[in-house]
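These notes concern the structure reproduced below.
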Amino acid sequence: MLKINDISFKYHGAKDLTLKNVSAFVDNGEILAVVGPSGGGKSTLLRLVSGLESPKEGHIFIDDKNVTSMRPEKRNIGMLFQDYALFPHLTVEKNIAYGLKGSMKKKRVKDMLELVDMLGYEKRYPYELSGGQQQRIALARALAPEPKILLLDEPFSNLDTELLSSIRHELFEIVRKLKMTTIMVTHNKMDAEYADKVIKIVDGKVDQA
Ligand code: ADP
Ligand code: MG
C-alpha cells in the first residue's frame, strides 16, 4: 500500500507552500481519485509520489518502506501523464520496451499489446495512431515494467469526447484486472466515480468537505 504522510512542499523560488500537510492512503489494488481546481497542487502531489520532487516535510511509504528520499527509478512506479507523450521517433514496440531489460522483453511487449488490445501495431509510429490508440500504448508502456503503483495525471484530457467513455472504461477494466494500486488525478466527475475513494485538493490542502 501507499501512504502519504503529512507532506509539505514548496517549489524552488516559490513564495508559498504548494502543498500543506497533505496525507492520503491507498490500499493495495485500490484506486484513489484526486480532484480539485486547477493549480491546487494535484500534479505536484503525483510528482512527489513518483520522486520527481522531494518534500520539505513529511514522508511517503510504499509497503511500509520509507521511500521519501529514494530515487524515482527505484520506486517501481508507472506513470501516465497528460504531457507524458510517446517517443515520436520510436515504434510502438520500442516505446513499450523502453524501460525493460533482459530476455523477457519481447514476450512482455507482446503481453502488454494484448492487454491493451493493440496486437499487430508493433511496427507503427505514434503519428500513425489515433489519440486513443496512443493513449493505450502509453498505458502499455507504463505497465510494462510491472510497477507496484500506477500514477495517472488527467490521462483523458487530450481525447475527443466520443472516445472518452470507451477509453475510460477500458483503462479502468485493465487497472482492475491487474489489481493495480492507482492514483488518478482528474477533472472529470465520471472518472472519480470509477475510483474506490476520492480526495479533493484545494489550494495545497486536502479539502475535508
Ligand atoms: P494542479 O495539477 O492541481 O493543476 P499543480 O500541482 O500543477 O496543480 O500546481 C500547483 C501550483 O504549483 C500552481 O500554483 C503552479 O503554478 C505551481 N507550480 C507547478 N509546477 C511548478 C514549478 N515547476 N515551479 C514552480 N511552481 C510550479
Ligand atoms: Mg495538474
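Just so you know, all these numbers are worked out from the coordinates, no wet-lab data involved. Computed from a predicted model, the values in this text were never measured in an experiment. No Cβ is skipped: glycine too gets one built from the backbone with ideal geometry, and neighbour counts run over all protein chains shown.
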Exercise. State the number of residues belonging to segment 80-123 that are more than 22 Å from S50 (Cα to Cα) and of a type in the set (S, T, N, Q).
Key: 2
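Answer yes or no as to whether L139 is touching a Leu at 6+ places or on another chain (Cβ under 7 Å), free of Cβ contacts under 8 Å to residues at least 40 places away in the same chain, away from ligand 2 (no atom under 16 Å from the Cβ) and among the aliphatic types (A, V, I, L, M). Step through it out loud before you land on a result.
Values: touching a Leu at 6+ places or on another chain (Cβ under 7 Å): yes; free of Cβ contacts under 8 Å to residues at least 40 places away in the same chain: no; away from ligand 2 (no atom under 16 Å from the Cβ): yes; among the aliphatic types (A, V, I, L, M): yes.
Considered against the rule, which asks whether it is touching a Leu at 6+ places or on another chain (Cβ under 7 Å), free of Cβ contacts under 8 Å to residues at least 40 places away in the same chain, away from ligand 2 (no atom under 16 Å from the Cβ) and among the aliphatic types (A, V, I, L, M), L139 comes out as no.
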Quiz item: Of everything in segment 12-40 that's under 16 Å from V202 (Cα atoms) and among the charged types (D, E, K, R), which residue is farthest from the chain's Cα centre (by Cα)?
Solution: D16
Quiz item: When you go through N66, N21 one by one, which is the residue that is more than 13 Å from ligand 1 (Cβ to nearest atom) and farther than 24 Å from T186 by Cβ?
Solution: N66
Quiz prompt | Breaking point among (1) more than 13 Å from ligand 1 (Cβ to nearest atom); (2) of a type in the set (S, T, N, Q); (3) within 15 Å of the chain's Cα centre (by Cα), for S43 | solution = (1)
